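One structure is given below, encoded as structure tokens.
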Amino acid sequence: MKYLVYILVVILGGSVLSAFFLLRRPPASTDDAALIINERRISTDEYNNPELGRINHAENDLFYRETVIARELLIQEAKRRGIDQEEDFRRSIQRYYEQSLIKVLMDRQYATLKEEASQADTERYLELYGSVVGFTVLHYMREGEAADAQPIRSESHQVLFAEISSSLRAILLTLTPGTASAPAWNGLDYESVRLETLVPSPTPIPPPDDLAVVRQEITEARKELRMNEWLAQMRRNAVIVIPAKKQ
């Protein structure tokens, strides 16, 4: 029983997406077949596919072969029962495909960002770290309204710089009292941050010792902000129609 359970763990540990493409692969030629199971030819490349756990079981070829056989028999049985034609199954494959597609896109876009924290950024961070910052978050309906329009709402805050989020810290680093960041889309409206005051904390707060960690935090926070800008730009360029609700 433990043997069967372990094989199932290995089989189910593979991604749904790899199983989906496995089902759709053309049959191997007789010469290239590593296994033939109920007339289903499994090619050498497919048999050695790392997605099936080949690397993890390279030292136990017998167990690995049994895992591949069990996987193939289960797939054949699922297809015989028509599970691969069921709408719920197809929707789950579609969801996994879309999630994987988005993740690859986001990872590649993130890799293109060249943001790097400077020495001046680090010094400013350390300068603000022991301060209480007063700032106002201003909300606008449209991106270009900040210069000459009243915000639709605003929230004022007084908080230790050390206790706010890294993305908000990255924004405040570039501001001086009375100045505000450019409005950025937050998913509901356009948001701008205006720095109001800077006062020393009543209780001294020692700055971080590891400056490399500080630089990494600033760099990653700015990359996150750039990613948000990239998503907002796609939204601006898109044609989005929201039909009126039927009465």
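The values are calculated or read from the model by the stated rules, or taken from the named source; none is laboratory data. Since the structure is predicted, the reported quantities are computational estimates derived from the model, not experimental observations. Positions of Cβ are generated from backbone atoms using ideal geometry, with glycine treated the same way; all protein chains shown enter the neighbour counts.
Numbers at a glance
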{"item": "Residue check, Ile171 assigned to a helix (DSSP H, G or I), touching a helix residue (DSSP H, G or I) at 6+ places or on another chain (Cβ under 9 Å) and of a type outside the set (Lys, Arg)", "result": "yes"}
{"item": "Selected residue (only one of Asp84, Asp88, Asp121 is over 20 Å from Ala221 (Cα atoms), acidic (Asp, Glu), part of a helix (DSSP H, G or I) and in contact (Cβ under 8 Å) with a residue 12 or more places away in the chain)", "result": "Asp84"}
{"item": "From the options Ala170, Ala182, residue that is surrounded by fewer than 19 Cβ atoms within 10 Å (Cβ to Cβ) and closer than 17 Å to Asn228 by Cβ", "result": "Ala182"}
{"item": "Residues of region 180-210 satisfying the condition of being of a type in the set (Val, Ile, Thr) and in contact with a strand residue (DSSP E or B) (Cβ under 6 Å, 6 or more places away or on another chain)", "result": "Val193, Thr197, Val199"}
{"item": "Qualifying position, being outside the structural domain of Ala170 (by TED's automatic domain parsing) and part of a loop (DSSP other than H, G, I, E, B), among Ile205, Ile242", "result": "Ile242"}
{"item": "Filter result for Val213 (over 18 Å from the mean Cα position of the chain (by Cα) and either surrounded by fewer than 16 Cβ atoms within 10 Å (Cβ to Cβ) or modelled with pLDDT under 95 (or both))", "result": "yes"}
{"item": "Test for Arg25: is it surrounded by 11 or more Cβ atoms within 10 Å (Cβ to Cβ), farther than 30 Å from Leu231 by Cβ and modelled with pLDDT under 85", "result": "yes"}
{"item": "Qualifying residue in region 51-74 (condition: at pLDDT 90 or above, in contact with a Leu (Cβ under 9 Å, 6 or more places away or on another chain), surrounded by 13 or more Cβ atoms within 10 Å (Cβ to Cβ) and over 30 Å from Arg222 (Cβ atoms))", "result": "yes"}
{"item": "Test for Ala146: is it modelled with pLDDT under 95, over 20 Å from Ser118 (Cβ atoms), touching a helix residue (DSSP H, G or I) at 6+ places or on another chain (Cβ under 8 Å) and surrounded by 12 or more Cβ atoms within 10 Å (Cβ to Cβ)", "result": "no"}
{"item": "Residue tally, condition surrounded by 15 or more Cβ atoms within 10 Å (Cβ to Cβ) and more than 18 Å from His157 (Cα to Cα), over region 191-204", "result": "0"}
{"item": "Hits in region 175-185 - residues which are assigned to a loop (DSSP other than H, G, I, E, B) and either without any contact (Cβ under 8 Å) to a residue 40 or more places away in the chain or more than 24 Å from the chain's Cα centre (by Cα) (or both)", "result": "Leu175, Thr176, Pro177, Gly178, Thr179, Ser181, Ala182"}
